[in-house]
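Data block below; observations after.
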Amino acid sequence: MSGPAIGVIGLGGMGGGMAGRLLETGHKVTVFNRTASVAAPFVARGATQAATPAAAAAGGVVITMVANDAALEDMVSGKGGLLEALPKGGVHISMSTISVALAKSLAERHAAHGSHFVAAPVFGRPDAAGSGKLWIMVSGAAEAKAKVRPVLEALSQGIEDLGESPEAAPTGKICGNFLIGAATEAMGEAFALLAKSGVDARAWHRLLTAGPFAGTIYTNYGRIILDKKFTPPGFKLSLGAKDIGLALAASQDKQVPMPFASILRDRHLASIAQGRGDFDWASLAINAAMDAGLKEEG
């Protein structure tokens with residue numbers, strides 16, 4: 001391994017998968033997690049454990065993969081935050097789903113310090129992160145994107161450049177998650193109708209995903225719903241609720257009505273109120289079944 005270490009801040013399912021993938025592909029890696037013990041498996045594989053986010057950023061390239069805007073703000077500007085420590089010309093790659101407003105603010109603050117903010121949110125679950133099969137959309141300054149391109153290539157099977165606006169990739173990710181939530185709700189309603197009509201839902205799903213609805217979202221989420229494998233979650237429903245909220249905030253700012261996003265917000269709130277916030281996002285379909293009078297576990 002050669003060159004400065006890449007920092008990875010946030011070692012949950014996604015961030016941990018990324019850190020493991022970078023180690024596997026021969027990169028030096030420095031890791032930070034608020035619960036320090038989570039870093040132990042990565043240290044055993046050759047990573048260096050940082051005591052603060054700032055220490056993780058010392059190599060000049062740092063990835064953040066954290067739960068929400070508040071957590072990212074803490075990692076950037078809180079005590080021992082990365083912003084003050086990132087070297088001139090360094091790059092902060094934000095790979096979690098964050099608000100458009102925060103992306104704009106972080107880009108401005110990094111520029112004032114002589115460093116770069118690159119938004120590079122991802123599509124894919126922890127297994128994809130660990131195997132370099134993520135789909136990544138990226139936006140930010142051209143020179144910064146060029147610098148971190150090899151890092152993104154190690155983590156992904158496809159990268160789409162959305163330009164230099166720091167807000168572009170976060171907007172794209174929020175819209176993508178809105179579509180996933182919409183598809184999950186639609187599948188839940190369709191499966192409920194199939195069940196009450198006595199139709200073999202697995203056969204129906206098999207045909208549709210082999211043909212007109214082929215693709216990861218309908219295939220994988222549909223299978224999770226059919227198998228009722230909502231725990232452990234690949235992506236928590238509470239995080240999905242956060243992302244639908246981000247979509248509504250962005251739509252209000254741009255004066256773009258998104259009536260179905262409002263429906264999805266309420267469906268998520270109902271699921272969380274019923275105790276399913278830590279279930280997989282696909283468990284959104286449970287409410288459709290319950291509304292139809294079907295007995296559902298969970």
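Remarks
- Per-region count, the stretch 127-144, residues buried (at least 21 other Cβ atoms within 10 Å of the Cβ) and closer than 13 Å to M95 by Cα: 7
- Note on the stretch 6-20: residues that are buried (at least 22 other Cβ atoms within 10 Å of the Cβ) and either outside any helix (DSSP H, G or I) or not assigned by TED's automatic domain parsing to the domain that holds K133 (or both) amount to 6.
- Test: residue in the stretch 254-261 that is outside any loop (DSSP other than H, G, I, E, B) and either aromatic (F, W, Y) or surrounded by 18 or more Cβ atoms within 10 Å (Cβ to Cβ) (or both): yes
- Test: A56 is among the small types (G, A, S) and crowded, with 22+ Cβ neighbours inside 10 Å: yes
- Sole exception among (1) assigned to a helix (DSSP H, G or I); (2) among the small types (G, A, S); (3) surrounded by fewer than 19 Cβ atoms within 10 Å (Cβ to Cβ) for A250, by number: (3)
- Which listed residue is at pLDDT 95 or above, under 26 Å from G13 (Cα atoms), charged (D, E, K, R) and buried (at least 17 other Cβ atoms within 10 Å of the Cβ), from D280, D227: D280
- Set side by side, the residues L82, L23 differ, and just one is crowded, with 19+ Cβ neighbours inside 10 Å, closer than 19 Å to P170 by Cβ and over 20 Å from the mean Cα position of the chain (by Cα), which is L82.
- Extreme residue, farthest from W135 (Cα to Cα), among residues of the stretch 164-214 that are acidic (D, E) and in contact (Cβ under 8 Å) with a residue 60 or more places away in the chain: E189
- Some residue of the stretch 47-58 being in contact with a Pro (Cβ under 7 Å, 6 or more places away or on another chain), modelled with pLDDT of 95 or more and assigned to a helix (DSSP H, G or I): no
- Residue check, T184 among the β-branched types (V, I, T), crowded, with 20+ Cβ neighbours inside 10 Å and outside the structural domain of H110 (by TED's automatic domain parsing): yes
- Verdict on A273 being closer than 16 Å to N177 by Cα, aliphatic (A, V, I, L, M) and not assigned by TED's automatic domain parsing to the domain that holds V100: no
Conditions (1) of a type in the set (V, I, T); (2) under 18 Å from the mean Cα position of the chain (by Cα), marked per residue:
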site	(1), (2)
P166	no, yes
I180	yes, yes
A203	no, no
G222	no, no
I225	yes, no
G234	no, yes
S238	no, yes
D243	no, yes
A273	no, no
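The values are calculated or read from the model by the stated rules, or taken from the named source; none is laboratory data. Keep in mind that this is a model prediction, so the values were computed, not measured. Cβ: placed from backbone, ideal geometry, glycine included. Neighbour counts: every protein chain shown.
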